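Below is one structure, written out as structure tokens, with a few remarks after it.
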Amino acid sequence: MTTQGMTTQALTTPAAEVNRATELALLLVLATLWGGSYSFIKIGVETIPPLTLIAARTLVAGAILLAIIRWRGVKLPRDVASWRRFLVQACLNSVVPFTLIAWAERSVDAGLAAILNGTTPVFVFLIGLALAPGKRPDVRKALGVLAGVAGISLIVGVQAFAGLGSAVVPQLAIVLATICYACAALFGRNFGGMDPLLPAAGSMLMGAAVLLPFALVVDRPWTLAPSQASLIALLALAVFSTALAFAIYFRLIRTLGAVGTTAVSYLRVPVGVAIGILFLGESLSPTAWAGLALVVLGVAAMTLPERKPAVRA
């Protein structure tokens, strides 16, 4: 597809063509895939340096997506403009945030990291307003953003804020990663005319191309002795939390829009809590149940289609 052909197509799928139940189900799947990534990263960085872990993550994910594209008979674009967009998307959605989060998770508690990284929709909403100053803010989406942040805080618990400020630099690194994710969601609308697998594969391959030289020079991965647990975590991170997740992500950017898709940031926390209840025998506090209700309300407010103004005769 040519650049001109891509830019002339609609950036989002028309509402009439979207099966809302299917898209919300995919949003939940994406939340599960990305919710598990924090645990995979935590296990991975125990014996694999962050830079090498993320370089391998993008390389393996890119190779998997490329193989699927070839199997489907779809061709990657050959124009320079498309690959330039892939590079920008890679920096915003993988190279910078993946590396920052992997580095920060060495010293930041998971609960606080979840809260900080769960604010992506806030930045998407604010940046979107800044880029369109003449557009009236969507009050419902704004309330959904606030409800989601409040819900995450209640689910994780106020004790998670106890470490706020004690490791300022790693915490600021997670905030910076969150802002990158927000910019990536907005920039991802430029791929609306493409098969979702194309920007997913293209951005992963460009991310690997950027990260690999640094990993080879800085970490010298051939000298490492990673544990079996770290290698399994890396494989799961690349296959499920990256390759599959980003294929779904770019589809949702097209169908639910940037703000709706980043609602997945809120869903990650209750999904993680649910996993703890089902497999680890954990329980929820009353405030956590209230937080879960706020998250559901927030996601609903952010993902429902906007009401079109009535046309007067």
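The values are calculated or read from the model by the stated rules, or taken from the named source; none is laboratory data. Here the structure is a predicted model, which means the values were calculated and not measured. Here the Cβ positions follow ideal geometry from the backbone for every residue, glycine too, while neighbour counts run over all protein chains shown. For the accessible areas, the whole protein counts, side chains as well, though only heavy atoms, and no ligand, DNA or RNA atoms are used. Shrake-Rupley method; radii C 1.70, N 1.55, O 1.52, S 1.80 Å.
Details
- Cβ-Cβ distance of I127 and Q228, R₀ of 45 Å, FRET efficiency by 1/(1 + (r/R0)^6): the value works out to about 0.60.
- Fraction of the pair-distance distribution of segment 33-112 above 15 Å, Cα-Cα pairs, percent: 65
- The heavy atoms of K135 offer some 130 square angstrom of accessible surface to a 1.4 angstrom probe.
- Separation between Cα centres of segment 228-244 and segment 29-57, rounded to whole Å: 7
- The solvent-accessible area of Y249, taken with every protein chain present and a 1.4 Å probe, is close to 10 Å².
- Couplings 3J(HN,Hα) for segment 26-38, derived from phi with the Karplus relation 6.51 cos²θ - 1.76 cosθ + 1.60 (θ = phi - 60°), are 5, 4, 5, 4, 4, 4, 5, 5, 7, x, x, 5, 5 Hz, where x marks Gly and Pro.
- Listed values for segment 70-80 are Karplus-derived 3J(HN,Hα) couplings in whole Hz (6.51 cos²θ - 1.76 cosθ + 1.60, θ = phi - 60°), namely 4, 5, 7, x, 8, 10, 5, x, 10, 7, 5, and x replaces Gly and Pro.
- Using the average count of surrounding beta-carbon atoms within 10 Å as a protection proxy, the listed peptides 24-32, 56-64, 191-199, 73-81 rank, highest first, as 56-64, 191-199, 24-32, 73-81.
- Label separation (V74 vs V239): 2.1 nm, computed from points 7 Å beyond Cα along the C-beta direction.
- Under Karplus coefficients 6.51, -1.76 and 1.60, residue-wise ³J(HN,Hα) of segment 83-96 in Hz, glycine/proline x: 6, 5, 5, 4, 5, 4, 4, 4, 5, 6, 10, 9, 3, 6
- Restricting the calculation to Cα atoms, segment 165-260 yields a radius of gyration followed by a Dmax of 16.2, 45 Å.
- Ligands, DNA and RNA excluded, the heavy atoms of I41 present near 10 Å² of accessible surface to a 1.4 Å solvent probe.
- Global form of segment 166-220, assessed from the alpha-carbon gyration tensor, a/c cut-off 1.5: oblate
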